[in-house]
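The next block holds one structure in the form of structure tokens; read it before the comments.
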Amino acid sequence: MNLEIVIAGLLAAVVLLAISTIYFAFRKTNNSALTEMADNMYRAQTELAGRLSMMNENNIRQQNQLATAINEQKLSMLKMVDEKLLEVTKNVGQGLQQSTEKTNQTLHDLRERLAKIDVAQQKISTLSEQVVSLQEVLTNKQARGAFGEIQLNDLVSSILPPSAYAFQVVLSNQKRADCVLKLPNPPGTIVIDSKFPLESYQALRKASNEREKLEAERFFKASVLKHIKDISEKYIIPGETAESALMFMPSESVYAELHANFVDVVEASYRAKVWIVSPTTLMATLNTVRAVLKDARMQEQAGVIQKEVGMLIEDIDRIDERIENLSKHFDMASKDIGEIKVSSGKISKRIEKIEDIELGPQEKPLAVEHLTGHRQAS
């Protein structure tokens, strides 16, 4: 629109310039008609110039109004945009804060889990070291024997009183027993010896074909039978120990394998009076031994208990006798009290009779006074 106004102004200026040129040219020619035409054109030019000036002013005013409206619209839009940006910024800030909090919580949980994993890893490492150490112990025969003796020691000492057992006892045949249970006769002293045929058992577990399995079974059977024979010959001594002994196997798996697949070996142990026990069955046996010891102790104390009961009965008889004597004394005292009451009643009646005697008017007060004084003196 501004371009059209500028073009119109330029055209008006060109027209005015042309009219002015023609006007001055006609005035030089002194032609009245042309002069009049030039005057009319000049007036028309002046009128056009005024109209153009008014149009220009209107245009400027409209431009100012338009600029004002545009500025107001611009300010309104800027305000709205600022509000939107502020709201978006606030939402984004809240979202970032929540995301940060969630991220921090996740990192905290992750650190805790990593800490737990580290602890578990340390425990696993420690357990691995212990397993390796246990494997080394079980590989060495002497260490394996010590392992079985320690387990036997723990089981026995945790169930029985110290007076009921002893460890590493030398018998009359100069053989050292791992553990001796001190029981009254019968059955008497029972020996427990720890045996751990681990090598033959591992060979049985590692057998990959039928031939290796047969050889491992023969090896395992021979090892257990040799242990049974050694215990029967060394730790069953007539007159010193019981007629049987216990062979402790510190492995439940070896014990289960023996009773599941080598029944003939178990029967041979029965014939030799060597009872094979595992940690679980030994615990049950020791509980039975504790009950036997308790019964034996009760029997030993039975005579003392009977003597104390007899003395208690005598004390009770003496108490009964004394109670009876005391009752007789009470009866005699009660009889005496009754007789005293009877005498007192008679005296009271006699006093009443004396008071009821009718005396003369002059003697009665004296008699009453005399009796009253006599009663007070009594």
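Quick look at the numbers
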item	result
Listed peptides 314-321, 178-185 by packing density, highest first (mean Cβ within 10 Å)	178-185, 314-321
Accessible surface of K346 - all protein chains present, 1.4 Å probe, nearest 10 Å²	120
Straight-distance crosslink candidates among lysines, where the alpha carbon sits under 20 Å from K79 and sequence neighbours closer than 8 are dropped	K90
Partner lysines for K341 [C-alpha distance under 19 Å; skip if fewer than 8 residues away on the same chain]	K349, K353
Unsatisfied cross-links (Cα-Cα over 30 Å) in the set K175/K273; K116/K206; K206/K234	K116/K206; K206/K234
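The values are calculated or read from the model by the stated rules, or taken from the named source; none is laboratory data. Predicted model, so just to flag it, every value in this text is computed and none were measured. Every residue, glycine as well, gets a Cβ built from its backbone with ideal geometry; the counts of neighbours run over all protein chains shown. Please note that ligands, DNA and RNA were not included when accessible areas were found on the heavy atoms of the full protein model with its side chains. Shrake-Rupley method; radii C 1.70, N 1.55, O 1.52, S 1.80 Å.
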